[in-house]
1. Residues that are within 22 Å of the chain's Cα centre (by Cα) and surrounded by fewer than 13 Cβ atoms within 10 Å (Cβ to Cβ): does the stretch 179-199 have at least one?
2. Inspect the stretch 241-249 for any residue being surrounded by 13 or more Cβ atoms within 10 Å (Cβ to Cβ), farther than 19 Å from residue 72 by Cβ and not assigned by TED's automatic domain parsing to the domain that holds residue 25 and give the result as yes or no.
3. Condition first: surrounded by fewer than 19 Cβ atoms within 10 Å (Cβ to Cβ) and touching a residue at least 12 places away in the same chain (Cβ under 8 Å). Now tell me which residues in the stretch 65-76 satisfy that.
4. Residue 263 versus (1) touching a helix residue (DSSP H, G or I) at 6+ places or on another chain (Cβ under 6 Å); (2) without any contact (Cβ under 8 Å) to a residue 40 or more places away in the chain; (3) more than 30 Å from residue 145 (Cβ to Cβ): which is the lone unmet condition?
5. For the stretch 15-31, give me each residue that is free of Cβ contacts under 8 Å to residues at least 24 places away in the same chain and touching a strand residue (DSSP E or B) at 6+ places or on another chain (Cβ under 9 Å).
6. Out of 131, 144, report the one residue that is at pLDDT 90 or above and farther than 27 Å from residue 209 by Cβ.
7. For the stretch 63-98, how many residues meet the condition of being out of contact with any helix residue (DSSP H, G or I) (no Cβ under 7 Å at 6 or more places or on another chain) and either part of a helix (DSSP H, G or I) or at pLDDT 95 or above (or both)?
8. Quick one: count up the residues across the stretch 217-240 that are surrounded by fewer than 20 Cβ atoms within 10 Å (Cβ to Cβ) and either closer than 23 Å to residue 78 by Cα or under 20 Å from the mean Cα position of the chain (by Cα) (or both).
């Protein structure tokens, strides 16, 4: 159990680290699926019951959401086909699993029993209020799983973009507004392509006026940049990569020391 908790803590740290480096908050949010597992390992005492189903659900859902984030340098999901029935079916399925996992973690005593499970008079208002954040969070998880399904069947092709422009704006396209992201805009055969980029990819491409990218078309029509086509781009971020690596290694040692203290000395 100690090793499970240690690995879970390191995984949570790694996801948060990726969220900072790439600028994709989804990496930090998917750690919500690991919280019940981490809480179980921290609060576990001899004689306590281990909920194997909760553990399996959280682990599988973590990897299902992770599929929508890995190995993507840029993405355009605005123009892909929308399938509301599939999306909301995924939402309901994911929410039921989340609801079960959180409820079991509270009933088993892994986390604070905020909703009051097991009490004679469980306040319905408190139950509703505490479920609202889970419903919002699950909407994000569903979007990641939908992207993961879109990426199950990728069709590779080459895309040459002219008159490229990298800029920082809100996801809606408005500039000088909160929650800004990194974007690439370019023209191919009279068609303007828009891609949202990770922070690191933006640093590589921000001075380019012409790009030759390797992209994949998703099952629903999403477009994903998987290769920048020029290894020299990575030299532009070598200095920042060294700084990030040093900071990441230092924080990793602190998190590892915390894990050793939590799971072997407490």
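The values are calculated or read from the model by the stated rules, or taken from the named source; none is laboratory data. Not measured: the values here are computed from a predicted model. Neighbour counts run over all protein chains shown; Cβ positions are idealised from the backbone, glycine included.
1. Yes, the stretch 179-199 contains at least one residue that is within 22 Å of the chain's Cα centre (by Cα) and surrounded by fewer than 13 Cβ atoms within 10 Å (Cβ to Cβ).
2. yes
3. As a first pass, look at the stretch 65-76 and keep what is surrounded by fewer than 19 Cβ atoms within 10 Å (Cβ to Cβ): 66-67, 70-71.
Listed by number, the residues that qualify are 66, 67, 71.
4. (2)
5. Within the stretch 15-31, no residue meets the criteria.
6. Values: 131 fails: at pLDDT 90 or above.
Exactly one of 131, 144 is at pLDDT 90 or above and farther than 27 Å from residue 209 by Cβ, namely 144.
7. The first filter runs over the stretch 63-98 and keeps only residues out of contact with any helix residue (DSSP H, G or I) (no Cβ under 7 Å at 6 or more places or on another chain), leaving 63, 70-72, 75-76, 78-79, 81-86, 88-89, 92-93, 96.
Narrowing the set further to residues that are either part of a helix (DSSP H, G or I) or at pLDDT 95 or above (or both) leaves 63, 84-86, 88-89, 92-93, 96.
So the count comes out to 9.
8. 7
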